[in-house]
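A quick write-up on the structure given underneath.
The values are calculated or read from the model by the stated rules, or taken from the named source; none is laboratory data. Note that the coordinates shown come from a computational prediction; the quantities given were computed from them, not determined experimentally. Counting neighbours? That spans all protein chains shown, and the Cβs are built from the backbone with ideal geometry, glycine included.
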Amino acid sequence: MERIINSLFGMTHWVLIAMVVAPILLGSLTFLLQKKEKLRTFLIWLASAVVLVGGILLVWLSAGNEENVVKVWQWKVSSSFGMIGFGLEAFILLALLYVGFKIENGWIVFLGLIQTGLAIASHFIGTHPESLVIFRIDNLTRILILVTAVVGSAILVFSINYMKEHEKHAPEGAGSPGRFYFFFISFMGCMIGLVASNNFSLFSTFWEATTLCSFALIGQDGGEARRVNATRALLINSFGGVLLLGAVFFLKLNHCGEDFQSLTGSSITVLPAMLFCMAAFTKSALFPFQSWLLGAMVAPTPVSALLHAATMVKAGVYLVMRISPHYSQYTSFMMMIAFTGALSFAGAAFLACTQSNAKKVLAYSTISNLGLVVACAGIESPLAYAAGLSIIAFHAVSKGLLFLCVGRIEQKLGSRDIEMMDGMPYKMPFTTMVAMVGMMSMLLPPFGMLLSKWLAIEATIHSPFLLVFLVTGSAFTVYFWAKWMGHMQIQGYHPDKPVEQISHSTKFSLGYLAILVIVTGIFTMMIFRHVFTTMAAETFPGLDMVAKISSLYREQAMFPAYLVIGCMAISLVLTAIFVAFLVRKKNIRPPYLCGENAITIEEELNPEKNKSGLRSYDFYSVGGKVEHAVFSSYYFKNYIDENRVSRYMNWISWLSMIVLLGCVIASIK
Amino acid sequence: MSKFTGKSPWVVHFNCNSCNGCDIEFLACLTPLYDAERFGVLHVGNPKHADILVVTGSVNKKNMHVLKNVYDQIPSPKAVVAMGVCAATGGLFADCYNVVGGIDKVIPVDVHVPGCPPKPEAMLDGIVKAVEILKKKTKETETVTEELPVVIVKPKELPAEPAAPEAAKESEK
Amino acid sequence: MTYIDMILESPLWRCVAVLILAPTIGTLLSGFDRKFTARLQGRVGPSFWQPVYDIFKLFGKQQILVHRTQIAYALLHLFFLMLTVVLLVLGEDLLMILFCQAFSALCLVIASMSVRSPYSWIGSQRKILQMLAYEPTLVLLILAVYLQNNSFLGAKVLENDTPLIYSMPLMFISLLFVIAIEFEKSPFDVASSHHAHQEIVKGTTLEFSGPFLGLIEVAHAYEMAMFFGLMVAFWHTSLIMGIVLALVGFILVLLMDNICARLTSWWMVRFMWTIPLTLSLANLIWLWR
């Protein structure tokens, strides 16, 4: 047994390759066998199991066994073998050019050509070292692999039933489900490749591959709106690709090397680091590049979930987190990175308040959280860095869950408008409960998201400029979540226990994520203390950071999170007791409508007459006419125009980009 | 518990079909001159928080279900004060075609305060009397109102449109 | 004397003591409020113990409900406020305490939105606006405390030698506005009011009655005690001076309540995001040195 395990440790690189290749193979298989529905379902289950088990196995193996604890796992190959990376890069760039020609978009072709030129130039300039570290797994990578595996597999399982329904009323000209699954499953493989690769040519290969996959998935349903939005996503991300390859070219030109170890923090590498960060902003859809992520909402919901929670946008913040610890001495540079992040945090939260479209609210909230991660990376304190890491992890689970819930609600209700979500606890009890868990986890004290926000604010204390943005942004966050949570809870009294029609795969995926949210929520403090802080301490080079972090973090670590959880538990138990012993049918009254209630309580309790569960709110108006009350939240529609505010925000963020460039040029001298 | 009930009677005021005379006088009770709050009286605007329902005016066919609804939404123990003669018997309006009569036709009444309108002192006295009755009631002595047919006065239906002239001519032929 | 020492020493006893003391202080404060308001208006007013009678009365009434979920949120509202008070006494992280308080307010909002009564709906919408209005000011207050003590822990405040009011007088003024919102005082009492009729009847708490309204009243007492405690903490070196300061602040809020009319919720947000926020920021910048 031991021998098997030990030999497993020797095979980590094979597991990694399998994790990248197997999803692509399984995706192709699903594409080929899409007509056989049972087999297709089986393959999807298999793929999600492979991703989940493989991801966890990879994390475990790369962490090393007891005798041989390795913080960083590397795979070194000879230079000629490393050329494979260049071949793949060339292949993917050709694919990009092909797509550009096919959709007849000159800009994409132009950007693709620049990328190809840069890639070829950076390959042939200078000399290659004798051996290359092509894959490298450290703590940051492990978190992202876990996120992709755990959340991605749940989304994949959810998509089984969703796509079945979706197929039935898919618009004219929609792609086949096989096409969908091919790109969907390959996406996860590419993401794992992206975070694990160390060599720039492999990195940009996977970078472009995720861009192309997202382009294909956004355009899945065909039609003009999808085409426009998919093109925009491709265009913006290609621009990011140009920045990325430009940085690689610059590094190569200055003989700095061709992998992430070349970003040492020396002054010559500051400009490429900035270009990397800007490329990351396009991928993470921070202001001013936010438009592609909002447009991506036209895709089927599992795609949005995958883009937002598990993969695409996380790649961007991953890059920033990867680079930023080495550049802490360039204060103004880091300050501007943090400023861009904080601007996105507050701006996106503000715009989320004006939206009634559930998916758009989620999209803005994602941008807002990613902005917070970038701000954390820029603050340059180990505490903030740890907070950023924990946002990446916890946000993925909560947001994945929420997107899946919205997807399900959208299919059942036929609308993604928050205003239409009335009587949800009666119509869809399970989904509502799960969605409430997801939303609570965004705001409730012990849960990861709030913990991270808390630590971020505490870590920003010495940069007053950022603080204003963080404080206002967090107030807006409470505002838009509160509106939505209230809407989800609107209900009447029902004597019978409502039952929801839900398929097993959907219930499994939602329940799995919800349990994950609750469990991680309960153990947040512990996870944070033992995982994220130590990681952050190891990440920052130099000094005795472990000692420093414990002194910094001692106050926060003592917070008695168990009291909060206990409080929650006591209230729920007491509620159960009250419901069992105090709630009697004779005590139920309809709400106060000045006595003009149009329906008696008997009628309301009669399920025959009150199918929607909402008739109790009808009232007699002038002349005995029965009116149905309709309520709406504040959306500031008359005060704030989304487009105009976005335009202003974009101007400010372009301005901050220019300042960023200025800071970098100043720091080179 | 009855001790506390007596010390904090929260009042909801319902204008049933009144000429507003009693209402103005009743609101005058809250002014510094009469100061109903020294008895712990709070004028809450809704039945769900109230202990005492003060009704002014007679009941007509259109608002009897409203009165009953408001009464039913008060958590027991609760007391009802019929303020003024209209609330007691229908008063001046008793013979109107649409008037049902005093409010005791619809809900049980504990205290009648006579007058048209009653003086504020009489009103305060009525409320204090109601408090005495309220103290004796408990949660269990809830008076269930009988089920009333909901009477809604609907606008008169418009007469059917006269047939179009062509159609009329055709029918003549 | 030894008993008091024992209570002050052990955190458990301190928690128990504060859980009993806080609602007592809260109800006494609202009793004082009602008596004071009545005297200002030239009335005799209710008994000083009137809020106590009210709460006990409410627990003896019939449990009228609209639906079951209401109970859960009412309880969450109460328990999270209790938690806030306990954490404050344990000297925990102030920012986290603020988040607990915000969550408890959020529970009340969800409860009153869930019943689908138009009045309580509008009340809850305004309540969220209120939260939006005062949150930044409170966070800035806590950051100012950090700059003063170099720690986010509430316990560290007591270790400082000079009263906070010396270094943050502007913060105290903006805290008074926050307190006026929290206590539902004019001109900020848009979400629900302690006085008779208004256009949204009773706003957020409209659909709660009997014991459940009692729970919310108790929660309100906790909230009052907590904010009163915050004011006392501005002069933590001497308890008497602290209480005097807090009473002066409280009376100022009551005076404002009596001389102002209610204004719109939009005005409130605009006001809170301009004057008190600017005051707080000014104070903060000056603390930065």
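A few notes on this one:
- Boolean, residue A:402 is part of a helix (DSSP H, G or I), within 26 Å of residue A:505 (Cβ to Cβ) and modelled with pLDDT of 90 or more: yes
- Residue within region C:65-80 that is outside any loop (DSSP other than H, G, I, E, B), closer than 30 Å to residue B:38 by Cα and of a type in the set (Val, Ile, Thr) present: no
- Tally of residues being at the interface with another protein chain (Cβ under 7 Å from one of its Cβ atoms) and assigned to a helix (DSSP H, G or I) across region C:52-64: 4
- Selection of region A:461-476 for residues being facing chain C (nearest Cβ under 9 Å) and polar (S, T, N, Q) yields A:472, A:474.
- Residue check, residue A:452 over 26 Å from residue A:356 (Cβ atoms) and more than 19 Å from the chain's Cα centre (by Cα): no
- Positions within region A:16-32 being without any contact (Cβ under 8 Å) to a residue 60 or more places away in the chain and either buried (at least 19 other Cβ atoms within 10 Å of the Cβ) or closer than 21 Å to residue A:167 by Cα (or both), in sequence order: A:29
- Within region A:322-337, the set of residues being of a type outside the set (Phe, Trp, Tyr) and either in a loop (DSSP other than H, G, I, E, B) or closer than 25 Å to residue A:198 by Cα (or both) comprises A:322, A:323, A:324, A:325, A:326, A:328, A:329, A:334, A:337.
- In region A:108-129, the residues that are over 28 Å from residue A:215 (Cβ atoms) and either part of a helix (DSSP H, G or I) or in contact with a strand residue (DSSP E or B) (Cβ under 7 Å, 6 or more places away or on another chain) (or both): A:124
- Residue pairs meeting the criteria (Cβ under 9 Å; at least 6 apart or on separate chains; first within 12 Å of chain C (Cβ to nearest Cβ) and in a loop (DSSP other than H, G, I, E, B), in region B:21-39; second of a type in the set (A, V, I, L, M, F, W, C) and surrounded by fewer than 19 Cβ atoms within 10 Å (Cβ to Cβ)): B:30/C:196; B:32/C:38; B:32/C:44; B:34/B:28; B:35/C:38; B:35/C:44
- A count restricted to region B:16-61 and to residues that are small (Gly, Ala, Ser) and out of contact with any Pro (no Cβ under 7 Å at 6 or more places or on another chain) stands at 6.
So that you can scan it fast, the table gives a plain yes or no per residue for (1) modelled with pLDDT of 85 or more; (2) assigned by TED's automatic domain parsing to the domain that holds residue A:26; (3) within 30 Å of residue A:160 (Cα to Cα):
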site: A:77; (1), (2), (3): no, yes, no
site: A:84; (1), (2), (3): no, yes, no
site: A:90; (1), (2), (3): yes, yes, no
site: A:138; (1), (2), (3): no, yes, no
site: A:142; (1), (2), (3): yes, yes, yes
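- Among the candidates C:229, C:203, C:249, the residue that is in contact with a Leu (Cβ under 6 Å, 6 or more places away or on another chain), of a type outside the set (A, V, I, L, M, F, W, C) and touching a residue at least 60 places away in the same chain (Cβ under 8 Å) is uniquely C:249.
- Hits in region B:4-20 - residues which are among the aromatic types (Phe, Trp, Tyr) and either at the interface with chain C (Cβ under 9 Å from one of its Cβ atoms) or over 17 Å from residue B:51 (Cα atoms) (or both): B:4, B:10
- Check on residue A:455, facing chain C (nearest Cβ under 9 Å), among the aliphatic types (A, V, I, L, M) and under 25 Å from residue C:281 (Cβ atoms): no
- Condition check for residue A:423: of a type in the set (Gly, Ala, Ser) and touching a Lys or Arg at 6+ places or on another chain (Cβ under 9 Å): yes
- Against the conditions (1) modelled with pLDDT of 90 or more; (2) more than 27 Å from residue A:267 (Cβ to Cβ); (3) crowded, with 24+ Cβ neighbours inside 10 Å; (4) of a type outside the set (S, T, N, Q), residue A:386 satisfies every one except (1).
- Residue count for region B:78-110, restricted to those that are more than 14 Å from chain A (Cβ to nearest Cβ), assigned to a loop (DSSP other than H, G, I, E, B) and of a type outside the set (Asp, Glu): 8.
- The residues of region C:25-51 that are facing another protein chain (nearest Cβ under 7 Å) and not in a loop (DSSP other than H, G, I, E, B), listed by number, are C:38, C:50.
- Residue in region C:218-235 that is closer than 25 Å to residue C:270 by Cβ and within 14 Å of chain B (Cβ to nearest Cβ) present: no
- From the options A:125, A:84, A:108, residue that is within 26 Å of the chain's Cα centre (by Cα) and of a type in the set (Val, Ile, Thr): A:108
- Flag for residue C:87 being more than 14 Å from chain B (Cβ to nearest Cβ), under 20 Å from residue A:485 (Cβ atoms) and either under 18 Å from the mean Cα position of the chain (by Cα) or in a helix (DSSP H, G or I) (or both): no
- For region A:228-317, the helices (runs of 4 or more DSSP H) that sit wholly inside it and include 3 or more residues that are under 19 Å from residue A:372 (Cα atoms) are A:270-284, A:291-295.
- Considering (1) touching a residue at least 60 places away in the same chain (Cβ under 8 Å); (2) at positive phi, the lone condition that residue C:45 does not fulfil carries the number (1).
- Scoring residue C:118 on the criteria (1) under 23 Å from residue B:47 (Cα atoms); (2) surrounded by 24 or more Cβ atoms within 10 Å (Cβ to Cβ); (3) at the interface with chain A (Cβ under 8 Å from one of its Cβ atoms) leaves a single failure, condition (2).
- Residue within region A:485-498 that is part of a helix (DSSP H, G or I), within 20 Å of the chain's Cα centre (by Cα) and within 30 Å of residue C:98 (Cα to Cα) present: no
- From the list C:131, C:113, C:96, the lone residue that is closer than 19 Å to residue C:221 by Cα, within 8 Å of chain A (Cβ to nearest Cβ) and not charged (D, E, K, R) is C:131.
- Take the conditions (1) surrounded by fewer than 17 Cβ atoms within 10 Å (Cβ to Cβ); (2) assigned to a helix (DSSP H, G or I); residue A:104 misses just one of them, which is (2).
- Leading residue by the ranking (nearest to the other protein chains (Cβ to nearest Cβ)) among those in region C:99-110 that are hydrophobic (A, V, I, L, M, F, W, C) and touching a residue at least 40 places away in the same chain (Cβ under 8 Å): C:109
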